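Q: Starting off with a structure, shown below.
The values are calculated or read from the model by the stated rules, or taken from the named source; none is laboratory data. The model shown is predicted, which means the values in this text are computed figures rather than measured ones. Don't worry about glycine lacking a Cβ; one is built from the backbone with ideal geometry, like all the others, and counts go over all protein chains shown. When the accessible area is computed, the model is the full protein with side chains, heavy atoms only, and any ligands, DNA or RNA have been set aside. Shrake-Rupley method; radii C 1.70, N 1.55, O 1.52, S 1.80 Å.
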Amino acid sequence: MAGISLGCDYNFEQWPPAVWAEDVALMRTAGIDLVAVNIFGWASIEPRPGEYDFSTLDTIIALLHDNGIRINLGTGTSSPPPWLTTRHPEILPVAADGTTRSPGGRQAWCPSSPVFREHALALVEQVARRYGDHPAIALWHVSNELGCHNALCYDEASAEAFRAWLVRRYGSIDALNHAWGTSFWSQRYTGFAEVQPPRLALSLRNPGQLVDFQRFSSDALLDHYRAEAAVLRRHSSAPVTTNFMVTAHIRALDYWSWAPEMDVVANDHYLDHRLGDPDAELSFAADLTRGLAGGRPWMLMEQSTGAVNWQPYNLAKVPGQMLRNSLTHVARGADSVCFFQWRASAQGAEKFHSALVPHAGTDTAGWREVLELSTTLDALAEVAGTTVRAEVAILFSWESWWATDTEARPSQDVRYLDQVHAAYRAVRRLGVTADVVAPGTDLSRYRLVIVPCLHMVSDEDAAAINTYVADGGHAVVTFYSGIVDLADRVRPGGYPGAFREMLGVVAEEFFPLLPGHQVTLTGGATATLWTEHLRATTAEIVDRYADGPLPGVPAVTRNSHGQGTSWYVATALDDDGLRDLLRAAVRGAGVRATGPESDGSVEVVRRTGGDRSYVFVINHGRQDIEHPVTGRDLVTGEAVPGLLKVGAGAVRVVREEPLG
Ligand code: GLA
């Protein structure tokens, strides 16, 4: 599709025919380019087993097509209709405590159920056959947010599939016993038939089994995606994708393994007001999605115009916020901005979820902001296809997330994502653009690599980081990194095992802190959560604890390793302390900032392509700001002769060019 597309989910099944024509007319007014339909269509298009009725979907697709709107067509399999769960209750998911989850919500299916798979693929076959060649189909949308609710299923079908997965992974039961360390607590298996999913037990469960079950569960859903995609590809040449949930509260899917299977990477993002800094998390998620897309443009498949309905407190967006959120995604690589959903539902669990057309109708500030977004995206058309170039990489690993946040760890308050977010926030406050990439990525093009809490890391990926530094790179590693291998086995000889030599330090014991406790460093920063009994071997000591359980012990170190430099941060520095440390690392590495330092309220990101360059300046703050840039404002068309004024809460996008 040309330009930056604007789209939405259209759940027309919720509305009588009289509303459809009005909806499509309004979509034209709003400049909607792409509409997702049939996302929850199963009960409508297969009202009874094997009986298909496409009449309404035909009508809607024709209506959209006649109005020049392209379609993002759902396979419709995300939620089985009641006739299916009634006839086949064995497809229902089972929770870790062994209890079955009832239908009545959505996604009530076991990812490993052969019965569900058979019914779902039969539906996809019908949909793909009917619409595979339809000229309006721009994209296929497999299921919906696979694994949002049902990622971890502990029923018998899952147990069987888990065993088969383990046979493929380990080959022999001896290898599995070794990997899981089953000599401990008399857990040794004599055959795969004895292995179960890690259902709730009386005590702590086997950590190797837990992490493998996470891997298996991610693979099981990916397998479902592949099966649906294969049907679609037999009938259609349109690209195929599904909507990822790169977000703070869903962690079950290792999207590094999923992304290569997507024709275009698409993400759903909602501001999460349970977090300390939802704006920073939005930027992080966008950068991570760009990482998943291999740096190429990606789609924002869903966001909200205002409040959602699923957080404890569902905050509305203040004027300008939706526009800022949208353009932050675009600044960080999105080439389309889509919303859940078109018209606010009158009924159902999402009736208080915001939408493009709110309950109050179109004489509303919300609707006017949608129109403004539409005009803005039209003006940004030439940005489409350009990419973001960063000099800093932050490593991100779903496996480390699983392994860090597992049972039986030194502190339940050390949460992987918190530590990644802390590093990201600091970089963002420095005005520096970062890529978020997988461990194992070729790091040679980055001036600085940040390795936050990379607790679980393979020998190869650790070696890649160590070699990057030895070859002249700069790295910052934070605590609890490099501790275990992919089998969750501790690397012996002192922490942080995989990076000890590269960092020039060794720790003999962790000293986590109680909640509410804080330590002070001699340099003045404070820290919480974590300290460790660290000794420098070759590193120089940058800062030490002034108090706490380990006064005088190194807290921050810097090492020369080969041609490069590596920093180790052995504690959870406060936000300013981490920012100060990263400022020193950024300067030492010669990283050029894209924007000014701020408290996070100003974001500046550049997209480039060929000889074109676009600067996005997003001002989340309450003060007007000025940013040095020369070129032309893409929205107003005005010349920007060296200094751009960006009002409080505004966003401006400038094509950089010499002014004649
Ligand atoms: C997800 C789903 C949508 C809707 C929204 C609500 O993104 O894909 O169907 O439930 O959440 O925020």
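Q: I need the strands (runs of 3 or more DSSP E) fully contained in the stretch 470-538, keeping only those with at least 3 residues that are crowded, with 23+ Cβ neighbours inside 10 Å and touching a Phe, Trp or Tyr at 6+ places or on another chain (Cβ under 9 Å).
A: Because the criterion is at least 3 residues that are crowded, with 23+ Cβ neighbours inside 10 Å and touching a Phe, Trp or Tyr at 6+ places or on another chain (Cβ under 9 Å), the strands (runs of 3 or more DSSP E) in the stretch 470-538 that meet it are 474-478.
Q: Okay, next question. Can you go through Ala403, Ala422, Ala463 and tell me which one is hydrophobic (A, V, I, L, M, F, W, C) and under 24 Å from Gly333 (Cβ atoms)?
A: Checking each option against the conditions leaves just Ala422.
Q: Could you check, for the stretch 494-506, whether at least one of its residues is among the small types (Gly, Ala, Ser), under 32 Å from the mean Cα position of the chain (by Cα) and within 29 Å of Gln563 (Cα to Cα)?
A: Yes, the stretch 494-506 contains at least one residue that is among the small types (Gly, Ala, Ser), under 32 Å from the mean Cα position of the chain (by Cα) and within 29 Å of Gln563 (Cα to Cα).
Q: What single numbered condition from (1) away from the ligand (no atom under 16 Å from the Cβ); (2) free of Cβ contacts under 8 Å to residues at least 60 places away in the same chain; (3) buried (at least 19 other Cβ atoms within 10 Å of the Cβ) fails to hold for Val246?
A: For Val246, the exception is condition (1).
Q: Moving to a separate point now. Under 6 Å between Cβ atoms, which residue pairs at least 6 apart in sequence (or on different chains) link something in the stretch 332-354 that is without any contact (Cβ under 8 Å) to a residue 40 or more places away in the chain with a partner that is open to solvent by 50 Å² or more (accessible area, probe 1.4 Å)?
A: Note: pairs meeting the criteria are Ala344/His359.
Q: When you check Ser397 against the structure, is it open to solvent by 30 Å² or more (accessible area, probe 1.4 Å) and either of a type outside the set (Val, Ile, Thr) or modelled with pLDDT under 95 (or both), yes or no?
A: Spelling it out, it is not the case that Ser397 is open to solvent by 30 Å² or more (accessible area, probe 1.4 Å) and either of a type outside the set (Val, Ile, Thr) or modelled with pLDDT under 95 (or both).
Q: Could I ask something else about it? Could you list all residues from the stretch 283-320 that are more than 16 Å from the ligand (Cβ to nearest atom), open to solvent by less than 10 Å² (accessible area, probe 1.4 Å) and aliphatic (A, V, I, L, M)?
A: If the condition is that a residue be more than 16 Å from the ligand (Cβ to nearest atom), open to solvent by less than 10 Å² (accessible area, probe 1.4 Å) and aliphatic (A, V, I, L, M), then Leu288, Ala293 are the ones that fit.
Q: Suppose we filter Arg106, Arg169, Arg163, Arg117 for residues that are part of a loop (DSSP other than H, G, I, E, B), under 20 Å from Ser217 (Cβ atoms), among the basic types (Lys, Arg) and open to solvent by 10 Å² or more (accessible area, probe 1.4 Å); which single one remains?
A: Matching residue, one of Arg106, Arg169, Arg163, Arg117: Arg106.
Q: Still on this structure, I have one more. Quick check: anything in the stretch 322-337 within 12 Å of the ligand (Cβ to nearest atom), within 24 Å of Val264 (Cα to Cα) and touching an Asp or Glu at 6+ places or on another chain (Cβ under 7 Å)?
A: Checked the stretch 322-337: no residue is within 12 Å of the ligand (Cβ to nearest atom), within 24 Å of Val264 (Cα to Cα) and touching an Asp or Glu at 6+ places or on another chain (Cβ under 7 Å).
Q: Does any residue of the stretch 263-278 turn out to be charged (D, E, K, R) and open to solvent by less than 10 Å² (accessible area, probe 1.4 Å)? Don't jump to the end; show me each part of the working.
A: Pass one, the stretch 263-278, residues charged (D, E, K, R): 263, 268, 272, 274, 277.
Among the residues that remain, those that are also open to solvent by less than 10 Å² (accessible area, probe 1.4 Å) are: 268, 272.
Yes: one or more hits.
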